[in-house]
Amino acid sequence: MSRSTAETLLRLEREAWVLDGADGRSRRVLDGGTPAAALDALQPPAAGRGRPLRVRIGDAWLRYLVVSWPPGLRTAGERAAFLAHRFAEVHGVEAPEWVMQVDRDAHDLPALGCAAPAAVVAAAQAFADRHGYRLAGIEADFVATYNRLRSRFGEADGVAAALAVLQEGRLTVGLWRSGAWRGIRSQSVRDDGSGALRLMLEAWGREAGIAGAPGANAGGHAEPGGVIHAAGYHGAVPAGWQRGEVTGRDVGHEPGGGA
């Protein structure tokens with residue numbers, strides 16, 4: 001891949017913006033200010049010259065949910081209105097301060113939705129314009145990691161599976177079964193995240209009946225709750241769960257390594 005076509009990655013971490021590309025790496029800490037103000041002060045090593053820029057937003061700045069579409073929604077406007085209602089109900093966030101997106105391919109199945117601060121999105125767009133980049137996309141950290149690893153998930157149909165992503169003291173876990181999202185949660189942790197992961201799975205077990213504390217079969221042996229895949233997570237897997245083939249690997253922030 002030539003320098004003119006290689007993507008540059010601009011990532012919003014918990015406390016800084018990081019620009020990483022063929023021309024080098026630049027970092028600008030927030031230092032108590034807003035992400036928009038810090039990005040205004042970030043200077044690339046060289047002009048963008050029309051090269052693609054991919055923006056990735058850390059999970060600490062985002063809000064996630066799984067939306068189950070009620071019957072009768074027929075238009076994109078109706079779906080957008082319902083999505084906005086769910087984000088307001090679950091997270092207390094609303095437009096125009098937040099920008100909300102959902103998996104457009106999941107028309108009949110539960111879909112993964114994400115909300116990002118509108119000021120962050122606008123600042124990223126302005127940065128691309130100001131420095132001569134072509135904006136290739138704005139993506140969420142967990143979603144980018146899931147998309148990068150999904151081809152390696154190999155659980156059988158009907159088996160619950162989860163991806164645990166841990167970075168910068170933030171644990172985000174998404175749960176699915178038979179190709180449909182069942183839940184997602186994200187929270188700050190001060191340790192390896194194993195306790196938080198166990199509580200998340202137990203909560204989903206109570207709510208959805210597909211995960212959590214394992215049941216027992218007729219012989220009294222515990223049945224697996226499902227498969228845990230991991231990116232950056234090196235903690236214990238809760239009892240009754242199995243480790244997937246994707247285990248403990250770094251989340252990966254290489255330029256162009258997202259969705």
- Message: Against the condition open to solvent by 40 Å² or more (accessible area, probe 1.4 Å) and at positive phi, how does G92 come out, does it pass?
- Response: yes
- Count - residues of region 25-40 that are within 16 Å of A128 (Cβ to Cβ) and either modelled with pLDDT under 95 or not in a strand (DSSP E or B) (or both): 5
- Message: Being loosely packed, with under 14 Cβ neighbours inside 10 Å, at pLDDT below 95 and within 18 Å of the chain's Cα centre (by Cα) is true for just one of R148, R190, R152, R177. Which residue is that?
- Response: R152
- Task: Out of the residues in region 97-116 that are under 16 Å from D141 (Cα atoms) and not aliphatic (A, V, I, L, M), state the one that is surrounded by the fewest Cβ atoms within 10 Å (Cβ to Cβ).
- Result: D103
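Here's the yes/no breakdown for (1) over 16 Å from C114 (Cα atoms); (2) in a strand (DSSP E or B):
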position	(1), (2)
F142	no, no
Y146	no, no
S151	yes, no
E155	yes, no
G158	yes, no
A162	yes, yes
G174	no, yes
G183	no, yes
Q187	no, yes
- Message: Pairs needed: first member in region 112-124, of a type outside the set (G, A, S); second member anywhere, open to solvent by less than 20 Å² (accessible area, probe 1.4 Å) and part of a helix (DSSP H, G or I); C-beta distance under 7 Å; at least 6 residues apart or different chains.
- Response: V120/P35
- Note on the structure: Among D129, D105, the single one that is part of a loop (DSSP other than H, G, I, E, B) and either of a type in the set (G, A, S) or free of Cβ contacts under 8 Å to residues at least 12 places away in the same chain (or both) is D105
- If only one of W69, W17, W61 is touching a residue at least 24 places away in the same chain (Cβ under 8 Å), open to solvent by 50 Å² or more (accessible area, probe 1.4 Å) and touching a Leu at 6+ places or on another chain (Cβ under 9 Å), which one is it? W61
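The values are calculated or read from the model by the stated rules, or taken from the named source; none is laboratory data. Since the model is a prediction, treat every value here as computed from it, not as a measurement. Neighbour counts are summed over all protein chains in view; Cβ atoms, including those assigned to glycine, are modelled from backbone coordinates with ideal geometry. These accessible areas exclude ligands, DNA and RNA; they are computed on the full protein's heavy atoms, side chains included. Shrake-Rupley method; radii C 1.70, N 1.55, O 1.52, S 1.80 Å.
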